[in-house]
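A short worksheet on the structure shown next.
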Amino acid sequence: MGKGVALNMAANEVRFDFTGAKVLVTGGSNGIGLGIAQAFTTAGAHVTITGTRQSATEYDHDLSSFDYAQCSMSDVSQLTDLASKFSQLDVLVNNAGQVMPRSGNEYDPDVFDEALQINVSAAFRLSRLLHRALKASSLASGASIINVASLSSFFAVEFVPGYGAAKAAVVQMTKTLAVHYARNNIRVNAVAPGVIESNMTAPMLAIESMATAQLARIPQARIGSPDDIAPAVLFLVSSNASYITGQTLLIDGGFSVLG
């Protein structure tokens, strides 16, 4: 089995070897999750992704290189069934998330509660349900959990109070689980993407005034892509990052440094 070793292919390029590693990426059918799943597959891992549709063939893009499991993050029984598929797991990427569940208003307490369930409680539940499988990892640097946070973990986004509260909780959960799981050789880290092209951001970026405002705030003057997130995830779970746990890495083109 590959050990997640980073190999220098060129002066400014890195490749990772995760040959044989078992990886689960929730919400891996689209966007950031798909980018992460594809990167792990390219590095030799056996990757399972989840999505909300019944079959992988229902998506417009090719998901045939992955194992696919339908799983709603708001359905505890489906989360339990998903976890039962793994007796051993090397990497869990808690990526699945949603703003305004069922197109609801997150200022409605019921919608707020559902946003918490989808964006933080499901990640915690899976991390607990898969604890035994992660302990069984044979990676030299141990298993890893990567939680996907957000800039809304740190900045107010007025129209999604539930999503923002959940993503702030993801950062704290990452710290706590890192301490709790260290004794089992399981590292827990998070990435906090900035403005990334995805299904979630598409409605915002389609509005010229909003897209312009976002670009004006980003020092690198561009919207990010899933390809900007995936390499950081692979690094954090690799043996090169074996002394890193409990951290949240912001990947935002400099958005957050402006205060």
Step through the table entries K135/K175; K22/K167; K22/K135; K85/K135, compare each Cα-Cα distance with 23 Å, and write down the pairs that go over it. K22/K167
Which value, in Å² rounded to 10, gives the accessible area of S242 with a 1.4 Å probe and all protein chains present? 70 Å²
DSSP bridge orientation in the chain - percent antiparallel, rounded to nearest 5: 15 percent
Accessible area, probe 1.4 Å, largest first, for residues R53, R132: R132, R53
Accessible heavy-atom area order of S74, S225, highest first, probe of 1.4 Å: S74, S225
Alpha carbon centroid spacing (whole Å) that separates segment 9-64 from segment 142-169: 22 Å
With only Lys, Arg, Asp and Glu charged, each at its Cβ (+1 for the first two, -1 for the last two), find how big the charge dipole of the chain is about the Cα centre; round to the nearest 20 debye. 1060 debye
Quote the accessible area belonging to V14 in square angstrom, nearest 10, computed with a 1.4 Å probe and with ligands, DNA and RNA left uncounted. 70 Å²
More than 31 angstrom apart: percent of Cα pairs within the chain: 20 percent
Going residue by residue through segment 186-199, the Karplus relation 6.51 cos²θ - 1.76 cosθ + 1.60 with θ = phi - 60° gives ³J(HN,Hα) values, rounded to whole Hz and with x marking Gly or Pro, of 10, 9, 10, 9, 9, 10, 10, x, x, 7, 10, 5, 6, 4
Just how much of T80 is accessible, in Å², when a 1.4 Å probe is used and the result is rounded to the nearest 10? 60 Å²
Amide H within-cut-off set for A21, under 5 Å, with H built and near neighbours excluded: G2, H46
In nanometres, what is the gap between the two model label sites at R53 and S77, each 7 Å from Cα along Cα-to-Cβ? 2.4 nm
What residues have an amide H closer than 5 Å to that of A192, excluding those fewer than 5 places away on the same chain, when H is modeled at 1.01 Å from N in the peptide plane? A149, L249, L250, I251
Kindly write out, for segment 179-185 in residue order, the coupling ³J(HN,Hα) from the Karplus curve 6.51 cos²θ - 1.76 cosθ + 1.60 (θ = phi - 60°), rounded to whole Hz, with x marking Gly and Pro. 5, 5, 9, 4, 5, 9, 6
To the nearest 500 deg cm²/dmol, what mean residue ellipticity at 222 nm is calculated for the chain from DSSP H runs of n ≥ 4 alone, each contributing -39,500 (n - 2.57), summed and divided by the residues? -10000 deg cm²/dmol
For segment 111-234, the percent of accessible surface on carbon and sulfur atoms (probe 1.4 angstrom, ligands and nucleic acids excluded) is 57 percent
Taking N as the residue count of segment 1-150, its alpha carbon Rg divided by 2.2 N^0.38 Å gives 1.09
So with the 1.4 Å probe, I'd like the accessible area per residue for segment 1-122, rounded to whole Å². 48 Å²
Per-residue HN-Hα couplings for segment 52-67 [Karplus 6.51, -1.76, 1.60; θ = phi - 60°; Hz; x = Gly/Pro]: 8, 7, 5, 9, 5, 6, 7, 8, 6, 10, 7, 10, 5, 7, 10, 7
Could you check what % of the DSSP bridge pairs in segment 1-145 are antiparallel, to the nearest 5? 30 percent
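The values are calculated or read from the model by the stated rules, or taken from the named source; none is laboratory data. Values in this document were obtained by computation on a predicted structure and should not be read as measured data. Here the Cβ is made from the backbone with ideal geometry for all residues, glycine too, and neighbour counts use every protein chain on show. Heads up: the accessible areas ignore ligands, DNA and RNA and are worked out on the full protein's heavy atoms, side chains in. Shrake-Rupley method; radii C 1.70, N 1.55, O 1.52, S 1.80 Å.
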